[in-house]
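Novice: Once you've had a glance at the structure underneath, I'll fire off some questions.
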Amino acid sequence: MKVCVPACSVVDGCAAGSGPILRIAVPSPLYKTFDYLPPLGCDPTLLQPGMRVRVPFGRQNRVGFLIEVGGESEINPAALRQALAILDYDPILPVDVLALIQWAQRYYHHPLGEVFATALPVLLRQGEPALLPTLSPLWRITSAGQSALTDTATLRRAPTQRLLLDHLASCSGGAESEDLRPVVRNSAATLRALRDKGWVEAVTPVDPAHPVVSSALVSLPPPVLNPAQAEVITTVSAALDRFQVFLLEGVTGSGKTEVYLRLIEAVLARGRQALVLTPEIGLTPQLLARFRERLPGPLAVLHSGLNDRERLNAWLLARAGTAKVVLGTRSAVFAPLRAPGILIVDEEHDASFKQQQGFRYHARDLAVIRGHQLGIPVVLGSATPALESVQNAHSDRYQLLRLPDRVGGGAEPPILILDVRRQPMTEGLSQPLLERMRSHLARDEQVLLFLNRRGFAPVLFCHECGWMSQCPHCDARMTLHLRQRRLVCHHCGDSRPVDRTCPICGSVDLRAVGHGTERLETALHQEFSSVGIARIDRDSTRRRGSLETLLADIHHGDRRLLIGTQILAKGHHFPKVTLVGIVDVDQGLYGVDFRSSERMAQLILQVAGRAGRAEKPGIVVIQTHHPDHPLLRILVSEGYPAFATAALAERRAALFPPFAHQALLRAEAVDPERAMGFLHTARRLAEPMAEGLELLGPAPAPMERRAGRYRAHLLLQAARRQDLHRFLNRWIAQLWAQQVTDRTVRWSLDVDPIELY
Ligand code: ADP
Ligand code: ZN
Ligand code: ZN
């Protein structure tokens with residue numbers, strides 16, 4: 001839709017070729033902005049950064065974003081094209097979001113157009129008008145209305161009002177006035193009469209899928225804070241008017257969410273908004289449910305499960321300030337806020353905050369930058385904070401706040417290291433673990449087995465000739481999924497049916513090697529089917545509603561043996577689980593990545609944290625062939641803070657992040673020579689200006705071939721961040737020039753990579 005600024009047409013003297021230059025970010029994989037002349041007859045004084053502009057781009061039209069109204073262009077003015085139309089009356093992007101986008105573009109050295117594409121709802125980028133959604137209000141009964149209902153005398157002479165009130169009392173989510181028409185005659189007048197008495201109220205729903213729930217009806221009184229919580233809240237509340245990063249470290253169940261809720265209440269009371277980032281919303285509805293229960297007023301939710309329209313609506317409600325609380329996943333860090341008051345990042349260690357393709361930003365780090373730009377506090381919460389954050393706390397850049405104990409005083413479950421060397425194993429489970437499972441299940445309790453590998457077995461192999469289920473496109477094995485009778489590559493997604501015989505020698509002696517969740521489920525079925533088994537992984541929860549069904553079964557005790565991957569480690573609480581078995585920790589102990597042990601520790605504690613309650617704390621059993629692994633021992637005997645200190649000491653000694661700063665240049669091509677060739681050129685370009693930097697590589701990636709392309713890396717490392725970025729500024733510009741000569745190579749830069757494969 002084309003909207004021209006109304007005053008434009010009356011201003012003359014703005015013909016093509018004159019007037020200021022519009023610097024515009026156009027969605028394109030190119031690194032730079034593009035210069036245009038203002039649209040014909042447009043008053044340039046009305047133009048502001050953050051407005052959308054329709055521009056000709058190649059042979060198409062695109063929607064771009066005005067970055068600045070500049071004086072001069074490097075391009076010959078005669079060659080400049082003219083923008084076609086201004087699409088907004090006001091800048092659609094608040095200044096602070098525009099600033100954050102530009103900061104992120106500079107820091108991650110990524111094409112600006114793609115940064116916009118990540119940050120903004122697709123409909124806005126397509127030029128959709130930024131009109132606030134119109135929502136019909138929901139009518140609901142107030143507590144005064146509830147009392148009136150119970151008092152028969154009050155309503156005796158108003159039967160119509162009574163009928164309507166009665167009806168509303170049964171609609172816990174409220175009802176639209178349209179729906180009330182059939183209930184009584186003249187429902188509109190009756191509603192007005194009831195409203196004037198204070199017995200009903202109209203509330204604005206936010207997203208149609210989840211109408212606002214009446215807080216007066218469902219909310220429980222908030223708990224009395226324990227002293228540790230109270231102290232945390234006092235400390236953060238004293239800093240609501242300035243930038244300060246707090247690292248809230250507290251074991252699962254220590255009351256962090258309660259702290260968030262209180263801080264948000266304090267921020268709302270000052271007429272400000274809160275932005276809360278969380279790794280997952282679809283798979284972990286509990287957090288959202290608690291927010292809805294406790295926080296009055298509209299809440300906007302931003303996550304990948306929304307359709308384009310819902311996303312735009314939520315975005316606009318946040319921007320207008322209608323939604324007081326915005327809860328979202330990674331890209332919500334760019335959500336516009338009218339009156340931002342606090343930024344909260346829950347489970348701040350979670351890897352999903354880092355985007356792993358395209359524009360590889362880290363939402364937690366950007367939240368800190370945004371808080372700094374806005375002058376508001378940032379709270380990073382976790383039971384197992386990232387070592388980067390712990391180091392920032394150690395060096396006093398972040399203020400560390402601790403909630404040391406589980407609420408209600410219950411102890412954390414003890415962790416037992418089970419040495420399985422030379423032990424007879426049944427389908428990956430040792431006898432001592434099986435014994436414990438039996439006794440816990442016999443006591444009517446629940447057991448959780450954690451195995452971070454879905455499918456039946458990670459490889460199928462021929463005992464006759466040695467054939468293995470190699471993926472034809474990747475340096476990886478295809479996983480056997482027996483239920484579907486398919487081999488599936490978890491790296492490129494390719495799959496094919498399983499034959500009964502070896503594709504090479506025709507032998508029928510095919511064997512599944514190793515264990516996945518599906519195999520564990522099958523193996524345990526015979527002995528434990530009577531207790532009900534719930535397998536929870538990406539395969540078993542793919543269908544809509546299936547996870548909810550499984551969770552409900554577990555909650556009611558219909559299924560008492562839980563087998564799952566890391567989906568289990570996120571957000572869910574299983575109070576009846578008293579035994580957690582970590583089936584295979586060894587993979588994580590000696591991974592290729594220097595972050596392996598950190599991830600292993602976080603996963604163990606996150607899984608452990610799902611279990612038990614004060615009265616039944618339970619136990620965690622870890623099966624390993626490396627019972628003396630030093631970091632594992634520290635984690636188990638002294639807890640996460642001690643583990644983090646020890647792991648940081650190792651990182652410091654090895655000069656790994658956070659004691660060094662990295663960027664990874666990745667290249668991939670169908671022809672391996674080309675990918676390596678590009679990186680060699682890149683290295684040659686780098687060498688003369690790489691002062692204060694270490695260049696490592698180029699080298700083939702740990703998994704060299706993936707989806708039919710060969711991948712290689714050049715790792716850059718610097719002791720000081722500014723050295724790295726000063727270098728990147730110059731180098732990336734040269735690489736762009738280089739790229740023009742070889743289009744067969746795809747490359748990307750990953751600043752602060754968290755995965756090196
Ligand atoms: P975390 O986010 O650290 O896992 P929660 O805030 O979810 O912890 O708290 C765990 C449980 O304890 C929740 O059911 C919560 O309602 C309850 N809770 C939190 N704080 C208190 C408190 N001060 N008194 C009683 N119950 C509390
Ligand atoms: Zn064979
Ligand atoms: Zn593959």
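Novice: Sort through 359, 353 and tell me the only one that's surrounded by fewer than 23 Cβ atoms within 10 Å (Cβ to Cβ), more than 16 Å from ligand 1 (Cβ to nearest atom), within 24 Å of residue 124 (Cβ to Cβ) and not charged (D, E, K, R).
Specialist: Residue meeting the stated conditions: 359.
Novice: Here is a follow-up. Could you check, for segment 574-582, whether at least one of its residues is of a type in the set (A, V, I, L, M, F, W, C) and assigned to a helix (DSSP H, G or I)?
Specialist: Checked segment 574-582: no residue is of a type in the set (A, V, I, L, M, F, W, C) and assigned to a helix (DSSP H, G or I).
Novice: Answer yes or no as to whether residue 61 is surrounded by fewer than 18 Cβ atoms within 10 Å (Cβ to Cβ), in contact with a strand residue (DSSP E or B) (Cβ under 8 Å, 6 or more places away or on another chain) and among the polar types (S, T, N, Q).
Specialist: yes
Novice: Name every residue in segment 597-626 that is within 16 Å of ligand 1 (Cβ to nearest atom) and in a strand (DSSP E or B), in order of residue number.
Specialist: Result: 611, 613, 616.
Novice: Within segment 490-505, which residues are in contact (Cβ under 8 Å) with a residue 12 or more places away in the chain and either within 16 Å of ligand 1 (Cβ to nearest atom) or among the polar types (S, T, N, Q) (or both)?
Specialist: Within segment 490-505, 495 is the sole residue that qualifies.
Novice: Can you pull out every residue in segment 465-485 that is more than 13 Å from ligand 3 (Cβ to nearest atom), in contact with a strand residue (DSSP E or B) (Cβ under 9 Å, 6 or more places away or on another chain) and on the phi < 0 side of the Ramachandran plot?
Specialist: Scanning segment 465-485 gives 467, 468, 480, 481, 482, 484.
Novice: Let me ask something else. Could you give me the residue pairs with C-beta distances under 8 Å whose first residue belongs to segment 388-406 and is surrounded by fewer than 16 Cβ atoms within 10 Å (Cβ to Cβ), whose second residue is part of a loop (DSSP other than H, G, I, E, B) wherever it lies, and which are 6+ apart or on separate chains?
Specialist: 404/251; 404/254
Novice: Separate question: Note down all Cβ pairs under 8 Å where the first residue falls in segment 227-238 and is without any contact (Cβ under 8 Å) to a residue 40 or more places away in the chain, the second is part of a helix (DSSP H, G or I) and of a type in the set (D, E, K, R), and they're at least six residues apart or on different chains.
Specialist: 233/262
Novice: What residue, among those in segment 411-438 that are part of a loop (DSSP other than H, G, I, E, B) and of a type in the set (A, V, I, L, M, F, W, C), is farthest from residue 574 (Cα to Cα)?
Specialist: It comes out as 420.
Novice: Here is a further query. Take residue 515 and tell me if it is touching an Asp or Glu at 6+ places or on another chain (Cβ under 9 Å) and away from ligand 3 (no atom under 16 Å from the Cβ).
Specialist: Yes; evaluated as a whole, the condition is true for this residue.
Okay, residues lined up against (1) over 30 Å from residue 175 (Cβ atoms); (2) in contact with a Ser or Thr (Cβ under 6 Å, 6 or more places away or on another chain):
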| position | (1), (2) |
| --- | --- |
| 74 | yes, no |
| 109 | yes, no |
| 120 | yes, no |
| 123 | no, no |
| 140 | no, yes |
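Novice: Could you count how many residues in segment 337-385 are among the aliphatic types (A, V, I, L, M) and farther than 25 Å from residue 606 by Cβ?
Specialist: Count: 5.
Novice: Still on this structure: I'm trying to understand the selection: among the residues of segment 93-121, which are in contact with a strand residue (DSSP E or B) (Cβ under 6 Å, 6 or more places away or on another chain) and either assigned to a loop (DSSP other than H, G, I, E, B) or not hydroxyl-bearing (Ser, Thr, Tyr) (or both)?
Specialist: 109, 112, 113, 116
Novice: I would also like to ask the following. If I ask for residues that are outside any loop (DSSP other than H, G, I, E, B) and either of a type outside the set (S, T, N, Q) or under 16 Å from residue 190 (Cβ atoms) (or both), which ones from segment 142-159 would you list?
Specialist: Matches in segment 142-159: 144, 145, 148, 149, 153, 154, 155, 159.
Novice: Looking only at residues in segment 439-461 that are in a helix (DSSP H, G or I) and either under 37 Å from the mean Cα position of the chain (by Cα) or within 16 Å of ligand 2 (Cβ to nearest atom) (or both), which one is farthest from residue 531 (Cα to Cα)?
Specialist: 440
Novice: What's the number of the only condition in (1) surrounded by fewer than 20 Cβ atoms within 10 Å (Cβ to Cβ); (2) at pLDDT below 85; (3) out of contact with any Lys or Arg (no Cβ under 8 Å at 6 or more places or on another chain) that residue 95 fails to meet?
Specialist: It is condition (2) that residue 95 fails.
Novice: Restricting attention to segment 574-598, and to residues there that are surrounded by fewer than 18 Cβ atoms within 10 Å (Cβ to Cβ) and not aromatic (Phe, Trp, Tyr), which single residue is modelled with the highest pLDDT?
Specialist: 596
Novice: Being closer than 24 Å to residue 293 by Cβ, away from ligand 1 (no atom under 14 Å from the Cβ), part of a helix (DSSP H, G or I) and touching a strand residue (DSSP E or B) at 6+ places or on another chain (Cβ under 9 Å) narrows it down to one residue among 274, 266; which is it?
Specialist: Matching residue, one of 274, 266: 266.
Novice: Quickly run through segment 67-77 and pick out the residues that are more than 16 Å from residue 117 (Cβ to Cβ) and not in a loop (DSSP other than H, G, I, E, B).
Specialist: Result: 68, 69, 70, 77.
The values are calculated or read from the model by the stated rules, or taken from the named source; none is laboratory data. Predicted model only: the values in this text are computed from it and were never measured. Methodologically, a virtual Cβ is constructed for each residue, glycine included, from the backbone with ideal geometry; neighbour enumeration extends over all protein chains shown.
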